[in-house]
Amino acid sequence: MKELNELNLPTNVKYDADHEWVSPGAPCRIGISDFAQDALGDLTFVEMPEVGAELTKGEEFGTLESTKSVSPLMSPVDGKVTAVNEALSDDPGLVNRDPYGEGWIVEVELKNTAQIDTLMDAAAYKAHVEKESAEH
Amino acid sequence: MRYLPHTPDDIKEMLATVGVGSLDDLFKMIPPDSRRQRPLDLPGPLTEWELSEKVEGLAANGGGDWKVFVGAGSQPHHVPVLVPYLAGRSEFLTSYTPYQPEMSQGTLQAIFEFQTLISRLVGLPVTNASMYDGSTAMAESALMAQRVTKRRAVVVSSLVHPHWREVLSTYLAPMEDVEIVTLPAGADGRTDFAPLKSVDKPAVLLMQSPNFLGVVEELSKAAEAIHAAGGLLAAGFSEAYALGLLKTPGSLGADIVFGEGQSLGLGQGFGGPTLGLMSTKMEYVRQFPGRLAGRTTDKNGKRGFVLTLSTREQHIRRSKAVSNICSNAGHCALTAAMFMASIGGTGFRQMAQVNLDRAEYLKAELLKAGFKPLCPSPTFNEFALVAPSGFAQKHEALKGKKIMAGLSLEKWYPQFKDAWLFGATETKTKADIDAFIAEVK
Amino acid sequence: MSDKCQCTPAAECGLILNEDLLWEKGRPGRSSMSVPESGVPAASLPADLAGDGPNWPDLSEQEVARHYTRLSTWNFGVDTGMYPLGSCTMKYNPKINEAMANLPGFVNAHPMLPAEATQGELQLIYELEKYLAEIVGLKASCLQPGAGAHGELCGMLMISAYHRHNKNKKTKVLMPETAHGTNPATAAMCGYSEIKVPLGPNGALEYATVEKLMTDDVAGLMVTNPNTLGLFENELPKIIEMIHQRGGLIYGDGANLNAIMGYADLGAMGIDVVHYNVHKTLSTPHGGGGPGAGPVAVSDTLLPYLPGPRVVKNGDKYEWNSDLPLSIGRLHNFYGQFRVLVRAYAYVLSLGPELKKASALAVLNANYIKEKLKHAFDLPFDQPCMHECVFTDAKQAPNKVSTLDIAKRLIDLGYHPPTVYFPLVVHNAIMIEPTETECKEDIDGFIAAMLQVAEDAKNDPSILQNAPIKTKVQRLDETTAARHPILTGDMS
């Protein structure tokens, strides 16, 4: 596992408490943080919603599988799926190698763009991760 | 007691380490309301010799020496002595599920080979490491088809083994919204697909071929009918030897194959343990229950095997698992693999032909003895005939000679009046069959 | 290494032979099985139905014998060495049981024979059902389920049938955090969603917590006692009384029965149905995956719902009874895993009332290991355990040594690793269940090996991180296996 100071936490995206990130602007992309991909280990399968699916903040919209675990993907926002990252079907390891780039998971059309402002910035998210790790 | 190795000194020393005074004190945390108040009221302990005498007596008072001229889901077949000999090796027999691949490559390679040999037998590319038996493999096939199609309705042929249909009902009982639709038998002894048209959104059609009457079903027509309705075809069998001579269910359009593998080197054993077989297409693998062994490499690049796609299973996905199955019929699968390796493709086909020949001979002789055909369709190993009057009494009388002369079908199929199921495999020689006919006449 | 470690059965250099896959061997036309002449006229099937038969390799008898003998040498069984796999109860599998199960009279018995032909088989079923009910203190038992998880399914189907019969609207099941994965999976198959019940600080269920979660739509509780932390659930009778009063039933998971035979009374506790894993408690071999058998024992409440048909005794004759109006029906091709149950029957008669001592020694072995290892390994619940104890890698983690590394290092020292990463409620768990059949010297050898691992973790973590080094293959690539599954060999 990476130490806290080894984590890559870019400042151009927002984070939620379940370790997803959202990129502001259009298209708005959702993925998982470096912390999340490191904790899950090598991913073997990403189950994604269909294009057109409605996402609800705080609800499951897919799953991430490693060899020994299944973790839910929780939506950080309300919105409609406009694209899914097809490349992950062949190479789920993209999420591990490039979680904020090639490893994005879905693109959504936001219901309410202001919702992004309620998410954490990199500094707040880092504090959140630090607190969670300490509690563990 | 020979399985309990602790000497009084061992116990004393270990209790001292633990810091309690007696063995009973180890159980002090059990509160009085949960504690057992009376001693175990069990016979024994028996010595090894007393035990043998007792159990051998039960076996001698059992059915193992009967001459049985019917299968009905359990068939006598020859098994080379090599098979149980190798299967008895304790490295296989006394191991657990291969969760630590470095310590269980023997089991894992054997499962991978089993999966491959069964896939070649049924004509579908993915086979799991086994289910409990044929009936539970069928019930799991129905549940799997519901997940794949996101539909509920289950359709089953009335010519599937009646016990297997009972198991299906047991599994589906909590689903109050699911009705099991049963397709009737046609006059030809094959399933009548016509009523399928009136079923709303069927998830699956469950078939057995050869069916309970021994009749080879037209699976390609079954596939056509259910695929037109948007459901899956799950095709099963209780007599694996039939696939030595028949087209594979996979090639005829089955999306799922379930089966009973008892014929593949396993004794009848009063019905268990046997071997549930289940295969499917790669596109459905994430909805497929049961363990899967996969090929991979180790850190030095050497070929090796692991259990894989475990995220489908209960120990990881828990309430969202595709099934609750954990222990399967692993050692029966290993035994079946040893059997398949022993008989080989060439031998299996030859032996299947001997089965067909002997059964057809029995059929012909029974027809000569006054029986009438119930239906005209081609059969394998088993067949249904209408008995001449007085046969029921003869059937009873032959029990006195430890002969089971067929099985009455009326209990499950009241429409088949006076119909009996008969069968013979390679274990019945011409002389056996002739002697049997002489008794029946 | 201490002197004691001499008894660690570490591998020396090993005689590991390579062996090809079956279809990489053989030549068409070979066979290791005699095929008789049919001796009757040749028959044929219509051409439109006929196929080619399976493309299986043709091998000689010696090729088959060597193939599987070599494969067997890459395996580790209870007969090879200690197998302290927590929650799996890998006790010795007595050889007389094999001999009894392989009696030709049983191997060749057709399951559709009339009852008068199979009095011996029916008597065995009847008596074993009686014994299994007696051992747990319940009313009756049924041998039909095919394995432990199938017994669970049987139990929950019975609870579901009970509620449907009584027109109770139930949709949920209470599920302690320590539950085996089969419990929630089984509940789901019966249409129930789970309400997770958190543990109290001492690792067991607490009345107040369960009471708060109990609602009118709860069908019951699924509970393992002792639980998967190896701890006895001593508030259970009170919890059960409350659930019963509010219309729920209790499913007891019998995975850990080996800890309490003769000491606890499940009937007195209020359990309505419990399953046995005969490969755990009753010494039948696990066979590298199965077959098991999962008999269930029941209270009066659920007795009418047992699967059928049932063996009954009428005078001195045994008969099948299919007239069971409330029965959940059939769960198996025939009557269950009969020849597995012959082994269980042989085991019960071999020990008789001494089963109680088997449980006592299983608990003694586990507590002894716990005491000897608790200074070297983190023990999250430091209290008297039952038949198994759960440690973690917390003391080794700062040196970048994980539970997995500890497990793999034990392999090089000649032991099957304990269960790892379960129960989920303990982070990075190492769950050790020695069973009663291991003698003190072998237990001491295992303890010495574990202490050696702890020393290695301190002094040279790379020994653990690179382990195992003595096996045929090492640290297989499970990620690639799952990303690009290869589940069959050549399918041509």
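The values are calculated or read from the model by the stated rules, or taken from the named source; none is laboratory data. If you're wondering where the values come from, they're calculated on a predicted model, not measured in any experiment. A quick note on method: Cβ atoms are made from the backbone with ideal geometry, for glycine too, and the neighbour counts reach across all protein chains shown.
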Q) Among C:E129, C:E116, C:E121, which is the only one that is assigned by TED's automatic domain parsing to the domain that holds C:A188, of a type in the set (D, E) and more than 22 Å from C:Y347 (Cβ to Cβ)? A) C:E116
Q. Which residues, counting only those in segment C:435-449, are out of contact with any Asp or Glu (no Cβ under 8 Å at 6 or more places or on another chain) and outside any helix (DSSP H, G or I)?
A. C:T435, C:E436, C:T437, C:E438
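Being over 21 Å from the mean Cα position of the chain (by Cα) and of a type in the set (K, R): is that true of C:K372 here?
yes
Would you please name the residue that is farthest from C:S359 (Cα to Cα), looking only at residues in segment B:38-52 that are exposed (fewer than 11 other Cβ atoms within 10 Å of the Cβ) and more than 7 Å from chain C (Cβ to nearest Cβ)?
Narrowing segment B:38-52 to residues exposed (fewer than 11 other Cβ atoms within 10 Å of the Cβ): B:38-39, B:49.
Narrowing the set further to residues that are more than 7 Å from chain C (Cβ to nearest Cβ) leaves B:38, B:49.
On the way: B:R38: 16, B:W49: 24 Å.
Restricting to residues being exposed (fewer than 11 other Cβ atoms within 10 Å of the Cβ) and more than 7 Å from chain C (Cβ to nearest Cβ), the top hit is B:W49.
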Q: Could you list, in sequence order, all residues of segment C:171-228 that are surrounded by fewer than 22 Cβ atoms within 10 Å (Cβ to Cβ), among the hydroxyl-bearing types (S, T, Y) and in a helix (DSSP H, G or I)?
A: C:Y207, C:T209
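How do the helices (runs of 4 or more DSSP H) wholly within segment C:58-126 filter down when requiring 2 or more residues that are more than 8 Å from chain B (Cβ to nearest Cβ) and in contact with a Leu (Cβ under 7 Å, 6 or more places away or on another chain): which remain? Even if it seems obvious, please write down each step before you answer.
Values: elements: C:61-72, C:95-101, C:104-107.
Of the helices (runs of 4 or more DSSP H) lying wholly inside segment C:58-126, none has at least 2 residues that are more than 8 Å from chain B (Cβ to nearest Cβ) and in contact with a Leu (Cβ under 7 Å, 6 or more places away or on another chain).
Of the residues B:G73, B:G106, which is touching a Ser or Thr at 6+ places or on another chain (Cβ under 9 Å), free of Cβ contacts under 8 Å to residues at least 40 places away in the same chain and facing chain C (nearest Cβ under 7 Å)? Quick ask: steps written out before the conclusion?
Working: B:G73 fails: free of Cβ contacts under 8 Å to residues at least 40 places away in the same chain.
Of B:G73, B:G106, the one residue that is touching a Ser or Thr at 6+ places or on another chain (Cβ under 9 Å), free of Cβ contacts under 8 Å to residues at least 40 places away in the same chain and facing chain C (nearest Cβ under 7 Å) is B:G106.
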Q: Examine segment C:474-483 for a residue that is under 21 Å from A:A39 (Cβ atoms), at pLDDT 95 or above, more than 10 Å from chain B (Cβ to nearest Cβ) and surrounded by 24 or more Cβ atoms within 10 Å (Cβ to Cβ), and state whether such a residue exists.
A: no
(Q) Looking at segment C:458-472 only, could you name the residues that are outside any helix (DSSP H, G or I) and more than 18 Å from C:I16 (Cα to Cα)? (A) C:D460, C:N466
Q: Return only the number of the condition from (1) under 30 Å from C:F106 (Cβ atoms); (2) modelled with pLDDT of 95 or more that B:G44 does not satisfy.
A: (2)
(Q) Looking at segment C:316-341 only, could you name the residues that are more than 7 Å from chain B (Cβ to nearest Cβ) and aliphatic (A, V, I, L, M)? (A) C:L324, C:L326, C:L341
Q) Only one of (1) within 10 Å of another protein chain (Cβ to nearest Cβ); (2) farther than 29 Å from B:Q314 by Cβ; (3) in contact (Cβ under 8 Å) with a residue 40 or more places away in the chain; (4) not aliphatic (A, V, I, L, M) fails for C:N466. Which number is that? A) (3)
Q) Name the pairs whose Cβ atoms lie under 7 Å apart, with the first residue in segment B:361-385 and in the same structural domain as B:F436 (by TED's automatic domain parsing), the second acidic (D, E) and crowded, with 22+ Cβ neighbours inside 10 Å, and 6 or more positions between them or separate chains? A) B:F380/B:E239; B:N381/B:E239
Q. Looking at (1) facing chain B (nearest Cβ under 7 Å); (2) part of a loop (DSSP other than H, G, I, E, B); (3) buried (at least 19 other Cβ atoms within 10 Å of the Cβ), which is the only condition C:N55 fails?
A. (3)
Q: Would you check if C:Y415 is at pLDDT 95 or above, out of contact with any Asp or Glu (no Cβ under 6 Å at 6 or more places or on another chain) and of a type in the set (F, W, Y)?
A: yes
Q) Can C:I430 be described as in contact (Cβ under 8 Å) with a residue 24 or more places away in the chain, crowded, with 21+ Cβ neighbours inside 10 Å, in contact with a helix residue (DSSP H, G or I) (Cβ under 7 Å, 6 or more places away or on another chain) and not acidic (D, E)? A) yes
**Q.** Those residues of segment A:118-134 which are of a type outside the set (V, I, T), farther than 14 Å from A:P10 by Cβ and out of contact with any strand residue (DSSP E or B) (no Cβ under 8 Å at 6 or more places or on another chain), in sequence order
**A.** A:A127, A:E130, A:K131, A:E132, A:S133, A:A134
Q | In segment C:315-333, residue nearest to B:G269 (Cα to Cα) [restricted to those that are of a type in the set (A, V, I, L, M, F, W, C), in contact (Cβ under 8 Å) with a residue 40 or more places away in the chain and in a loop (DSSP other than H, G, I, E, B)] | A | C:L331
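Hey, could you check segment A:62-83 for residues that are of a type in the set (A, V, I, L, M) and part of a strand (DSSP E or B) and say which is modelled with the lowest pLDDT? Can you show your working first?
Quick first cut of segment A:62-83, residues of a type in the set (A, V, I, L, M) only: A:64, A:70, A:73-74, A:77, A:81, A:83.
Now drop any that are not part of a strand (DSSP E or B), which leaves A:64, A:70, A:73-74, A:81, A:83.
Details: A:L64: 96, A:V70: 93, A:L73: 96, A:M74: 96, A:V81: 97, A:A83: 97.
Taking the candidates together, the pick is A:V70.
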